[in-house]
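Participant: I have a structure I would like to understand better, so I am pasting it below and will then ask my questions one at a time.
The values are calculated or read from the model by the stated rules, or taken from the named source; none is laboratory data. Owing to the predicted nature of the structure, the values given are computational and were not obtained by experimental measurement. Cβ: placed from backbone, ideal geometry, glycine included. Neighbour counts: every protein chain shown.
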Amino acid sequence: MKKIFLLFFSLALLTSCSSDDDGGTSGDDKILGKWFVTEINNTGAFPIEINDCNRQSFIDFKSDFTADSALYAEENGECNVDNSENDDWSSLGDSRYRFVIPFEGIGAQAGRADFNADLTEFIFYPDFLAGQNTNIVFEKR
């Protein structure tokens, strides 16, 4: 009887685990691709304004969980890359992500991403800045 129970328990344990439970692949993740910052909405004590030059700033999410990003800033009337980085990103499940936002003072954030129906725009609601009523709008180009 012990052997039958052990066999049944082992079989149940093996069938309850599957290789896709961990979300370890990003091949069809909605966030993949190059996304440009179009708006930062913030009603808190630390408002963040962006201009046309800043709107060239982007994050390029890759399927290997890396992301290239560039922050564009205007200096002496010229719009140039102010900072570029290669960082990791992660899918936390339930439309939640963690990634580095290329604006000074924001950095790595976890939060919820709401994608529009045709997957050309998403609004990111960072957890850390929730008290500031902050959201960041990204557009795929």
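Participant: Report every pair of residues separated by at least 6 positions or lying on different chains whose Cβ atoms are under 7 Å apart, first residue within the range 110-133 and within 17 Å of F99 (Cβ to Cβ), second modelled with pLDDT under 90.
Facilitator: Correct list of pairs: P126/T134.
Participant: Search the range 126-141 for residues being crowded, with 16+ Cβ neighbours inside 10 Å and modelled with pLDDT under 95, and hand back the single one that is farthest from F36 (Cα to Cα).
Facilitator: Ranking the candidates gives Q132 first.
Participant: Report, by residue number, each residue of the range 97-109 that is of a type in the set (G, A, S) and without any contact (Cβ under 8 Å) to a residue 40 or more places away in the chain.
Facilitator: Narrowing the range 97-109 to residues of a type in the set (G, A, S): 105, 107-108.
If the condition is that a residue be of a type in the set (G, A, S) and without any contact (Cβ under 8 Å) to a residue 40 or more places away in the chain, then G107, A108 are the ones that fit.
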